[in-house]
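The values are calculated or read from the model by the stated rules, or taken from the named source; none is laboratory data. Owing to the predicted nature of the structure, the values given are computational and were not obtained by experimental measurement. Cβ: placed from backbone, ideal geometry, glycine included. Neighbour counts: every protein chain shown.
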There are 2 protein chains.
Amino acid sequence: MSGMKKYTIGIDFGTESARAVLVDVKNGDVAASAVYQYPHGVITEILPGSKIELDPDWALQHPTDYTNALKRTVPKLMKESQIDPSQVIAVGTDFTGSTVMPTTADGTPLSLLEDYQNEPHAWPKLWKHHAAQDKADQLTQLASDRFETFLDRYGGRINAEWFFPKIWEIYDEASSVYHAADRIIEAADWIVWQLTGQETRNLCSAGYKALWSKSEGFPLETFFNAMNQGLTNVIDEKMKREITPLGQQAGELSEAAAKWTKLNPGTPVATGILDGHATVPAATVAEPGKMALILGTSYVHMILSKKEYRVPGMCGMVEDGIIPGLIGYEAGQAGGGDHIGWFVKNAVPEAYEKEARKRKISIFQLMEEKASALNPAESGLVALDWWNGNRSILADGDLTGLILGYSLATKPEEIYRALLEATTFGTRKIFETFIASGVPINEIIVTGGEPAKNKLLLTILANVTRMEIKVAESPYITALGAAIYAAAAAGEQRGGYETLQEASKKMASLSNKTIVPNNNDKKTYNRLYSEYTLLHDYFGYGHNNAMKRLKNLRTAILEKQRRK
Amino acid sequence: MSGMKKYTIGIDFGTESARAVLVDVKNGDVAASAVYQYPHGVITEILPGSKIELDPDWALQHPTDYTNALKRTVPKLMKESQIDPSQVIAVGTDFTGSTVMPTTADGTPLSLLEDYQNEPHAWPKLWKHHAAQDKADQLTQLASDRFETFLDRYGGRINAEWFFPKIWEIYDEASSVYHAADRIIEAADWIVWQLTGQETRNLCSAGYKALWSKSEGFPLETFFNAMNQGLTNVIDEKMKREITPLGQQAGELSEAAAKWTKLNPGTPVATGILDGHATVPAATVAEPGKMALILGTSYVHMILSKKEYRVPGMCGMVEDGIIPGLIGYEAGQAGGGDHIGWFVKNAVPEAYEKEARKRKISIFQLMEEKASALNPAESGLVALDWWNGNRSILADGDLTGLILGYSLATKPEEIYRALLEATTFGTRKIFETFIASGVPINEIIVTGGEPAKNKLLLTILANVTRMEIKVAESPYITALGAAIYAAAAAGEQRGGYETLQEASKKMASLSNKTIVPNNNDKKTYNRLYSEYTLLHDYFGYGHNNAMKRLKNLRTAILEKQRRK
C-alpha cells in the first residue's frame, strides 16, 4: 500500500453543475474528472412540480440535484481511474454561497416535504437570489445605527446575497417555514452533513456570509432581537456556535455516503468551504501580496494579508477565512461573464450567427475576433457593469447596467467590447481600493472559466489594470482547490500535507501564459476609466438614484400585474 | 379644356429616394405616384468611383441621383394617369436640407467634374453630414460674442447640419473647391434650377438653414469676415440676396426639363422648399395652435404663430417660413425612427428573426407585438434618444445615446420599447419648451413614415404627451405638400388657389384615427419622464461631458488609425 499513489477527491458544487476531480496528492495531477449538470439548474420562474410563479430576483435550486451530483460523479471517478478506494485519503467539497436551506433536525430539506414543497421560501435560496435586498438594506441600517463593529469587516454594508438577509426574508414572508425549520444551513455544510452524517459549520461560510469572526463570534442576541424579536435566538435555535476551521477534518464518510460514492466508509471528509475561496490555493495563492482573481459568471477577488486593514466595500475580511493564520479579503463583481452571456443571448444579430456558422466557429469566437480588431475608445462607448448589481465596492444589488455613447454607427462588437471593458474597470476600481487601504497587490493570477475562452478579456484587463496577468488554467480549478483542502485535512500522516500552504505549493501550478500590458492602450484606458469613475460615482453614490427608482417602479408594476 | 380635371405634380426628394405624385387640385386625391430609390443612397464610407474613405460623421449624395429621379418619376406619372400634359397646372418640389452643393456658374455640380470628383468636399453634403460640428460650435460662439440678433431665432445655437457650417468646412478643408465654386446652393434650389434653367433661392431654406430673415436679411459681411476674411463676401460671391417667397412661381419648365419630364415647356414651377416644411399644409396645419409632428427617420415639429416668441433650442423661427403671413417655428429630433432602424439591424437576436419568419410577419411587427405586451416602466429601462445627437432643445450634434437600467433579465423588446419611449420623451421636452415660451399647442397631427407602421409609437406618444394624437396618413404626404405649394404657385386663374391656407384646406385631409391617452399610463410615464429629464439635463447641459469627450477620443483614434 505504501508504494501506491495517494489521491484526494474534490467536488465543486457550482451554479449550474457540479464538477469532481480525483487528484494525485503528490503533484496535483488530475487523474479523473466528472461533471454533473443540475437537471433543475437555477430556478427563477416556476417552482418545480407546481404552477407557482416566482417573483423577479428570485433564484432557487433543487436539493436532490446536489445529492445526485455526488452519486453520479464520484463513482465515475473511481470507475475511470480504476484505483482502489483505499488510495483516496480524503474527500473535500466546495459550494456556492450563501446558498441557504431550511431543513428538519436530520437534515431533510423542507422543500422535499409535501407540506412545504409549494412554499418557495422552503427551497434552497441560491447565492444569486436577490429578493432580500430590502432586508439587507435594513440590516445595514440597523448595524450602522447600533455601531456594530462587525460592519467594518464587510465594507460597511450587508449584501442581499448573504445568510441573514435570506433568513430574515423567510421569517418575514413565510414564518411557518421558519418555525418548521429545525436547522437553517449553508449548502456548503449541508453537503458535508450528507457525506458524514454530522452537522458542522465551516469557518469560511460563517465568516464571509454569516457575520461571524474568530475574535467576536456571531452578532449578539440583542442585534437579532432588534431585527425581530422572533429572531433573537436564531443562532442557538437554527445554527451552531461551534465553527470548524478550514483544511481540517469535519468527519468521516458515513456508510450511506460510502455506498453512494463507492468510497470506503471512514474516509476523512474535509470541512466545507465556499467555492471562490477554495480556488485561491489552487491558483497558487497562499501568501500575502498575491491577488487571486476568479473570472467566471461573476468575478471574485481574493487576497491575503498578515495585518488587518479596513477596506471599504469589501464583501468580507475574515481571519483564517481562506488560509489559517492569514486575513482573507474577498471582493467581488456580481456580474462578469454574465454580461457576455446576456449579450450573446439577447443582442447578437442574425447575420453574425450566420457568419459564425459558416466559418464553423462559436459566436463567442466571432465576437472576440471582431471586438479584438477594435482599438480602445474607438467605439465611443463606455458602460457600467452592473447588469447584476454591484458587489464591490458599492455593495448595492439594486444598481443596474448602463451603456453610454451609442450612435447610429454603433456595431454589436463595439457593445460586446464595451461590456468586457466595463467589467475590467470594475476590477480596477476594486484594486485601487485595496491598495489605497494598505493591502498591496504585487501579482495577479487569474483563474475561473473565462481566461481559457476569453483572451481579449485578459488583454483588456492587463491594459486597464496596468499589470501583468498570470493564469492558473484548469477546467477543474475549484474542484482542485477542494482536493487541496482535502489533502490538508488528511494530514501528513495519511499521505497528505501538514499545512494548506504546503498543499498549495505541491498541488497547484500556473500556465506559462503571461499577458503584458501595452503602453498605448494603457493610456487610452486611463481616459476611459476616468469616464467610468465619473459615472460610477454619480450613479453609485446616490447623486442620481435613477437605477433604484426605476427598479422599484418595475417591481411595483410587476407586482400589480401578478395580482390581476 | 375647362371641363377637364386639373392636376399639380409634387416631387419629394428624401434621404434615400424621391417620390412623385400627381394630385387632383380639387380634392387632393392622388391620381398617380412613383418612387425612385437613389442608386447611391447615402454615401458614408467610400467616395463613388474611388477608394477614398470618408471620415466618420460624413454623409454625401450623388447629384445624378436627383436628376435621374426627375427623369424616372414624372414620365411614369404621366404614362400611368394618361392625362394630357396641359392638365398639369404646376410642378412643385421639396428637398432635404441643408443639403449643400458647390456648382459652376451654369449649375454643374463640381463633383461631376473630373478635377473635383475625388474631392469629398465637392460633393453634395447631405443634411445629416455631421462633420462640421466644430464649425457650428465656433459659429455659435462667434455669434454669441458679437451679440448677433439672429442667434435668438435659432434657439441660441447654430446646428452642424446647416448651410454655413458646411460652407466653412469646405473653405477650411478644401479651399480649392470653395474657390472653384461659382455658386454654392441648397439642393432644394438646385433642383428648381434644373427644372427652370433659372437660379432662385427659396425663403424656407434661407430662413431655416442660412440665417436669413425677412426683416434683417443675411448676417452682415462683418460677421462672415470674423469667421474668415476669405468668407467676407460669401453671399454676393456664391449665393443670392434675392429670396423667393413660398407658394409662388420660381420660373417655368425649360425645354430641356420638359423633355425629361414629358410635361409642357412653360408649365409653372413652384419655389423650392424644405421637405419637412412642405409637409405642414399637407397635414392640415396652416393656422396657429396646431402642431405638425413629422415622425420619420428623424422627427420634425412645426407650429405656426401670429406673434413672435423666443423659444429656446429651436431649429428655427422664420417669418413666412412655412405659410406666408405667419411665423413658422421648427424644432426637431435628430434621431427618431433611426433608432428603430439601428436596433433592428444591430440588436435583434436570431431567435426573433426566426419567429418572425415562421409567422410570416416582419421583424418590426414582431418587435411591436412583443413590446406592446409590456407595461410602461416594466422593463426598468430608460434611454436618451441621442443616437444621432440632439437637435432640439439642446442643439448639440456631439451628444450620444444612453440606455440605463439593464439587468440580466433585460429582453430585446424591452430595449426596443425603451428606444420608442425615449424619442417621445424628447418630443415632450420640445412641447413643454414651446408652451413655456408662449406658443400654445392645442392639437397634434402626426405624419411621416412612422405613424402608418408604428401604432405602438403613437400610443406611447399620446400617453407621454398626455394629448390626443390625430393622424395625417399618406405614403406621399410630403410630395402632396409639394403639390399643394404648386397649387398655390399656379394661382386661382390657372385653376389652383389664391392662398396656401385655401390649398391646404381643399387638398389635405386627416385619417379617422385618433389616439387617446390612458390615465394609468400617463401617470407612469410622468415618472419615467422625470428620470429622462434628470439624465437629459445632466448629460445635455454639461454637468458631465462624457459623451463629447468620448466622441472626441473616438475621432482622434480613428484619425490616427487612418494615418497609419
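Things to note:
- Looking only at the stretch B:60-81, residues that are assigned to a helix (DSSP H, G or I) and in contact with a Lys or Arg (Cβ under 7 Å, 6 or more places away or on another chain) come to 3 in all.
- Complete set of residues in the stretch A:182-239 that are on the phi > 0 side of the Ramachandran plot and surrounded by 23 or more Cβ atoms within 10 Å (Cβ to Cβ): A:L211
- Among residues of the stretch A:246-268 that are without any contact (Cβ under 8 Å) to a residue 12 or more places away in the chain, those with a beta-carbon under 9 Å from a residue that is of a type outside the set (V, I, T) at least six positions away or on a different chain give the pairs A:E255/A:G197; A:E255/A:P265; A:A258/A:P85; A:A258/A:N264; A:A258/A:P265; A:A258/A:G266; A:K259/A:P265.
- For the stretch B:479-495, a residue qualifies if it is part of a loop (DSSP other than H, G, I, E, B) and over 17 Å from B:T244 (Cβ atoms), and the qualifying residues are B:E492, B:Q493, B:R494, B:G495.
- Top-ranked residue of the stretch A:485-524 - restricted to ones that are over 30 Å from A:K5 (Cβ atoms) and either of a type in the set (K, R) or touching a helix residue (DSSP H, G or I) at 6+ places or on another chain (Cβ under 8 Å) (or both), ranked as nearest to the other protein chains (Cβ to nearest Cβ): A:T524
- Those residues of the stretch A:508-564 which are assigned to a loop (DSSP other than H, G, I, E, B) and surrounded by 16 or more Cβ atoms within 10 Å (Cβ to Cβ), in sequence order: A:A508, A:S509, A:P517, A:N544, A:N545
- Residue-level analysis places A:S509 outside the set of residues that are under 30 Å from A:G272 (Cβ atoms) and either free of Cβ contacts under 8 Å to residues at least 12 places away in the same chain or touching a strand residue (DSSP E or B) at 6+ places or on another chain (Cβ under 8 Å) (or both).
- Just one of (1) within 16 Å of B:F425 (Cα to Cα); (2) touching a Pro at 6+ places or on another chain (Cβ under 8 Å) fails for B:V471. It is (1).
- For A:E498: the one exception among (1) at pLDDT 95 or above; (2) over 24 Å from A:M317 (Cβ atoms); (3) in a helix (DSSP H, G or I): (3)
- Cβ-Cβ contacts under 7 Å between residues 6 or more apart (or on different chains), taken from a first residue in the stretch A:539-564 that is more than 9 Å from chain B (Cβ to nearest Cβ) and within 21 Å of A:L404 (Cβ to Cβ) to a second residue that is in a loop (DSSP other than H, G, I, E, B) and modelled with pLDDT under 95, are listed as A:G540/A:L394; A:K548/A:D398.
- Of all residues in the stretch A:271-313 being among the hydroxyl-bearing types (S, T, Y) and assigned to a strand (DSSP E or B), the one that is farthest from the chain's Cα centre (by Cα): A:S305
- Any hit, the stretch B:170-185, residues being within 18 Å of the chain's Cα centre (by Cα) and either small (G, A, S) or under 21 Å from B:D94 (Cα atoms) (or both): yes
- Within the set A:D145, A:D134, A:D172, the sole residue that is free of Cβ contacts under 8 Å to residues at least 12 places away in the same chain, acidic (D, E) and under 28 Å from A:L47 (Cα atoms) turns out to be A:D134.
- One residue stands out among those in the stretch B:324-347 that are among the charged types (D, E, K, R) and closer than 25 Å to B:M367 by Cβ: the one that is surrounded by the fewest Cβ atoms within 10 Å (Cβ to Cβ), which is B:K345.
- The stretch A:314-417 holds helices (runs of 4 or more DSSP H) entirely within its bounds, and those carrying 2 or more residues that are facing chain B (nearest Cβ under 8 Å) map to A:337-346, A:350-358.
- Hits in the stretch A:33-59 (condition: within 26 Å of A:G10 (Cα to Cα) and part of a loop (DSSP other than H, G, I, E, B)): A:Y38, A:P39, A:H40, A:G41, A:V42, A:A59
- Any hit, the stretch A:262-278, residues being buried (at least 24 other Cβ atoms within 10 Å of the Cβ), among the hydroxyl-bearing types (S, T, Y), touching a strand residue (DSSP E or B) at 6+ places or on another chain (Cβ under 6 Å) and within 28 Å of A:G341 (Cβ to Cβ): no
- A:L420 vs. criteria at the interface with another protein chain (Cβ under 10 Å from one of its Cβ atoms) and either under 14 Å from A:Y532 (Cα atoms) or free of Cβ contacts under 8 Å to residues at least 40 places away in the same chain (or both): no
- A:Y178 meets all of the listed conditions (1) farther than 28 Å from A:D398 by Cα; (2) crowded, with 17+ Cβ neighbours inside 10 Å but one, namely (1).
- Within the stretch B:9-32, tally of residues that are buried (at least 21 other Cβ atoms within 10 Å of the Cβ) and assigned to a strand (DSSP E or B): 11
- Selection from the stretch A:308-327 of residues that are in contact with a Gly (Cβ under 8 Å, 6 or more places away or on another chain) and without any contact (Cβ under 8 Å) to a residue 60 or more places away in the chain: A:I327
- Any hit, the stretch B:289-302, residues being modelled with pLDDT of 95 or more, out of contact with any strand residue (DSSP E or B) (no Cβ under 6 Å at 6 or more places or on another chain) and over 18 Å from B:P75 (Cβ atoms): no
- Verdict on B:L461 being surrounded by fewer than 23 Cβ atoms within 10 Å (Cβ to Cβ) and either modelled with pLDDT of 95 or more or within 14 Å of chain A (Cβ to nearest Cβ) (or both): no
- All conditions in (1) buried (at least 24 other Cβ atoms within 10 Å of the Cβ); (2) within 28 Å of B:I430 (Cβ to Cβ) hold for B:T149, with the sole exception of (1).
- Of residues in the stretch B:394-441 being among the acidic types (D, E) and surrounded by fewer than 24 Cβ atoms within 10 Å (Cβ to Cβ), the one nearest to the chain's Cα centre (by Cα): B:D398
- Test: A:R527 is more than 29 Å from the chain's Cα centre (by Cα) and at the interface with another protein chain (Cβ under 9 Å from one of its Cβ atoms): yes
- Qualifying residue in the stretch B:59-79 (condition: within 20 Å of the chain's Cα centre (by Cα), closer than 24 Å to B:L112 by Cα, among the charged types (D, E, K, R) and modelled with pLDDT of 95 or more): yes
- Looking only at residues in the stretch B:68-116 that are among the acidic types (D, E) and touching a residue at least 12 places away in the same chain (Cβ under 8 Å), the one that is surrounded by the most Cβ atoms within 10 Å (Cβ to Cβ) is B:D94.
- The numbered conditions (1) outside any strand (DSSP E or B); (2) in contact with a helix residue (DSSP H, G or I) (Cβ under 9 Å, 6 or more places away or on another chain); (3) in contact (Cβ under 8 Å) with a residue 24 or more places away in the chain are all true for B:T433 except (2).
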